[in-house]
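Asks: Let me give you the structure first, and then I'll get to my questions.
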Amino acid sequence: MTGLPLLPTIVVDFTGSGLVIFLSFMALRYSYFLVKLQPKNFIWGFLFYFCFAMAAFSISRGVGHILRIILVLEEQEALWHRLSPWSGGFNTLLMISVASATIYYHSGLAAYKAIRSEAEKLAEANRKLAETADELQKVNTYLEDMVEERTLALSKSEKKFRHFFENSKDMVYFCDIGGKITDINQSGLRMLGFDSPPEQFNLLSFFKDDRALDQYLAAISENGFVSDFEMELESSDGSARHILLSANAIFDKNGFMTGCEGIAKDMTRLRNMTDQLIKQEKMASVGQVAAGVAHEINTPLGIILGYTQLMMDDFDKTGEVYGNLQVIERQTKVCRKIVADLLKFSRQSGSAKIEIDLNEIIEDVLAVTEHYLNISHIQVSRRFTPALPRVIGDAEKLRQVFINLFNNAQHAMADGGEIIVTTSHDPAANEVIASVRDTGTGIADDIKPKIFDPFFTTKEVGKGTGLGLSVTYGIIRDHDGSIAVESPVPEAETGRKMQGTAFYVRLPVAVEKNAINEEQ
Amino acid sequence: MRSPFHTLTILLTIILLLPAVNAWALQSHGEPEGLYVHQMAHFLFMGALAYLYWHTRRTTALPSKGWRYLRIFCFLLFFWNLMALTGHELSVLLAPEDFIDIGTWREQLAPPITFFKIIYFIAKMDHFLNVPALLALFISLRTFYLEARAEIGK
């Protein structure tokens, strides 16, 4: 019967001891890495000490076993017997060390758990913080994008409306509840006669008519708006402007009115043109009537005058009848003069037009009238432009025009004054302008539109027929010119309004094709 | 307030001191004492490993795979201890006559091959448990390290 060989156990023991030493040191290596990586981690510290004790135990035991095998097989049993207690003692000691290390594991784990829990809480808090920060970042980015987008849109919108505001040909304004203008465009400033906004700038102060102002304020406060409100503004230079105003009240969030905003369209030009058209139409109608009446009356008047003069031959010049016939003849002539004037106004009278110098025409008239004007303490100032372009006209009729204008000036200056006669050339319009300005009483605004009407006069009955300016108007129109009146008269240098009246006669300059033209 | 443990310790000390007779200050240590201490160390080691296994298993705060390998290590090394302890005991039980060619390559367990001899033979193969245990420990530590480094990398 054979025994059980122990060689396999020796081989396993030898090889296993080596492997155990190797593996225990590898574990120790990684435990060292862990401690280096996280020195404050208690668990890694425990594992390092545990692995250290295990490595020490493994080396003690493994080396002991290897030595035992080598020494016993080399028949050095005596030496092994001396080393054996040391090896066993170390083994025991190191096993106890490993076991002891585990004793501290419990408290170490508790600390680790606490740290881990705190770390996890911290990590969770950090994660939430990061999430919140991320969310905030997203919101911030979104808000930034939104703000940028809105700013861009707002900028575009602002630019659009600013462009509209600045370049509008109408007045666009914003004012507070008291009417103080807070913002106004350049057109508005120009309309009100300013280059830049003055210190005190109140819209309500420019209303010319108090009634219109009351209506405007009432509509704004009651309805919150006015639409196409026709009114007159008086600009800083005193000129009136016809305005078509649309305005809205501005309310705050509590519904209280804080001001208003509006757009005003300057209708002055349109209004003047309309007035002029109406006037021309009226004058044309009156002219037609006057022409009809004059033709009808002219013939009977001629017969009355003829028969009167025939009868005057039959009566003694010293007798009463003769005297009566003289009165009839004189009054009939007056009537014929009126009829002749009416025909002139209605442009029915004959006309011989030639190239003439307007300065000469005026000088001819002044040669006759200046003496009488001087007697009335009226000085005449000539401000003629030399080498004035010639005009096509009927010299006699044009003389009549200036006689009428000087007569009117004389009547306006009962206590004396000055007549300033000016001639000039407007190359842009290709017209010659003659103005007769007096320093008299002036013409009231309410009668200005009527002064060219036939038979309209401010003189006492019997002192004027009211045909002077009508005839003047008719003659100028017959010459394709225009006549305008200004009262009071603005001073050329300062623009200040001066008392008096100025008539401006504009006649077209003669050109080649407008050569002498005679018409009946 | 004093804890019951402290009160018990004080009372026990008093009781032990009251009947004191002769005191042998220096005690001699005989030959088997080293073996006993070694065996007790194995027991202590086993207890420590069992505790480490039990506690790491029940602790939910240790989710790492490294702890699983550490438990494998504990498990294997526990049985290695048991095997080594058995081997040590059997070394005492077996007499020199139970071996043939002792101290040579040809060393054998002499017939008849009894149960204890077979157990002794198996116990001598304890590295079949020890090596895998240390391998598990190595893998465990490596896993801990890689995970810790990855966590720091985040």
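Asks: Residue by residue through the range A:429-458, note down the ones that are under 17 Å from A:Ala387 (Cα atoms) and open to solvent by 50 Å² or more (accessible area, probe 1.4 Å).
Replies: A:Asn430
Asks: Would you pick out the residues in the range A:251-288 that are charged (D, E, K, R) and free of Cβ contacts under 8 Å to residues at least 60 places away in the same chain?
Replies: Listed by number, the residues that qualify are A:Asp252, A:Lys253, A:Arg269, A:Arg271, A:Glu281.
Asks: Of all residues in the range A:374-401, which are assigned to a helix (DSSP H, G or I) and farther than 19 Å from A:Ile483 by Cβ?
Replies: Matches in the range A:374-401: A:Asn374, A:Ile375.
Asks: Test each condition in (1) at pLDDT below 90; (2) open to solvent by 20 Å² or more (accessible area, probe 1.4 Å) for A:Asp394 and report the one that comes out false.
Replies: Here A:Asp394 meets the rest and fails (2).
Asks: Let me ask something additional. Tell me yes or no: at least one residue of the range A:331-348 is over 20 Å from A:Arg477 (Cβ atoms) and open to solvent by less than 30 Å² (accessible area, probe 1.4 Å).
Replies: yes
Asks: Still on this structure: Anything in the range B:117-127 that is surrounded by fewer than 18 Cβ atoms within 10 Å (Cβ to Cβ) and facing chain A (nearest Cβ under 7 Å)? List them, or say none.
Replies: Within the range B:117-127, just B:Met125 meets the criteria.
Asks: Could you list, in sequence order, all residues of the range B:138-149 that are open to solvent by less than 60 Å² (accessible area, probe 1.4 Å) and free of Cβ contacts under 8 Å to residues at least 12 places away in the same chain?
Replies: Listed by number, the residues that qualify are B:Phe138, B:Tyr145, B:Ala148.
Asks: Separate question: For B:Leu135, only one of the following conditions fails: (1) under 18 Å from the mean Cα position of the chain (by Cα); (2) without any contact (Cβ under 8 Å) to a residue 60 or more places away in the chain; (3) more than 7 Å from chain A (Cβ to nearest Cβ). What is its number?
Replies: (3)
Asks: Identify, by number, the condition in (1) out of contact with any helix residue (DSSP H, G or I) (no Cβ under 7 Å at 6 or more places or on another chain); (2) closer than 24 Å to A:Asn272 by Cβ that A:Val485 doesn't meet.
Replies: (1)
Asks: Just the residues that are among the hydroxyl-bearing types (Ser, Thr, Tyr) and assigned to a helix (DSSP H, G or I), please, taken from the range B:89-108.
Replies: B:Ser91
Asks: Of all residues in the range A:1-47, count the ones that are more than 9 Å from every other protein chain (Cβ to nearest Cβ), over 30 Å from A:Leu73 (Cα atoms) and open to solvent by less than 70 Å² (accessible area, probe 1.4 Å).
Replies: Of the residues in that region, 3 qualify.
Asks: Tell me which of these B:Leu76 doesn't satisfy, since it passes every other one: (1) of a type in the set (A, V, I, L, M); (2) open to solvent by 20 Å² or more (accessible area, probe 1.4 Å); (3) facing chain A (nearest Cβ under 8 Å).
Replies: Answer for B:Leu76: the failing condition is (3).
Asks: Next up: Can you tell me which residues in the range A:260-319 are touching a helix residue (DSSP H, G or I) at 6+ places or on another chain (Cβ under 7 Å) and open to solvent by 90 Å² or more (accessible area, probe 1.4 Å)?
Replies: Matches in the range A:260-319: A:Asp316 only.
Asks: Further, regarding this structure: In the range A:402-428, which residues are free of Cβ contacts under 8 Å to residues at least 60 places away in the same chain, β-branched (Val, Ile, Thr) and either open to solvent by less than 10 Å² (accessible area, probe 1.4 Å) or assigned to a loop (DSSP other than H, G, I, E, B) (or both)?
Replies: A:Ile419, A:Val421, listed by residue number.
Asks: Within the group B:Glu97, B:Glu89, which residue is more than 9 Å from chain A (Cβ to nearest Cβ), over 24 Å from A:Gly16 (Cα atoms), open to solvent by 70 Å² or more (accessible area, probe 1.4 Å) and free of Cβ contacts under 8 Å to residues at least 60 places away in the same chain?
Replies: After applying the criteria, what remains is B:Glu97.
Asks: Name every residue in the range B:34-85 that is part of a loop (DSSP other than H, G, I, E, B) and touching a residue at least 12 places away in the same chain (Cβ under 8 Å), in order of residue number.
Replies: B:Ser64
Asks: Counting only residues that are at pLDDT 85 or above and more than 8 Å from chain A (Cβ to nearest Cβ), which one in the range B:100-116 is most open to solvent (accessible area, probe 1.4 Å)?
Replies: B:Phe115
Asks: Then there's this: Return the pairs, sorted by first residue and then second, in which the second residue is open to solvent by 80 Å² or more (accessible area, probe 1.4 Å), the first residue lies in the range A:309-320 and is more than 17 Å from A:Thr332 (Cβ to Cβ), the beta carbons are less than 8 Å apart, and the residues are 6+ apart or on different chains.
Replies: Once the first residue is more than 17 Å from A:Thr332 (Cβ to Cβ) and sits in the range A:309-320, no partner that is open to solvent by 80 Å² or more (accessible area, probe 1.4 Å) comes close enough.
The values are calculated or read from the model by the stated rules, or taken from the named source; none is laboratory data. Note that the structure is predicted; figures quoted are calculated from it, not measured. Methodologically, a virtual Cβ is constructed for each residue, glycine included, from the backbone with ideal geometry; neighbour enumeration extends over all protein chains shown. Accessible surface areas use protein heavy atoms only, side chains included; no ligands, DNA or RNA. Shrake-Rupley method; radii C 1.70, N 1.55, O 1.52, S 1.80 Å.
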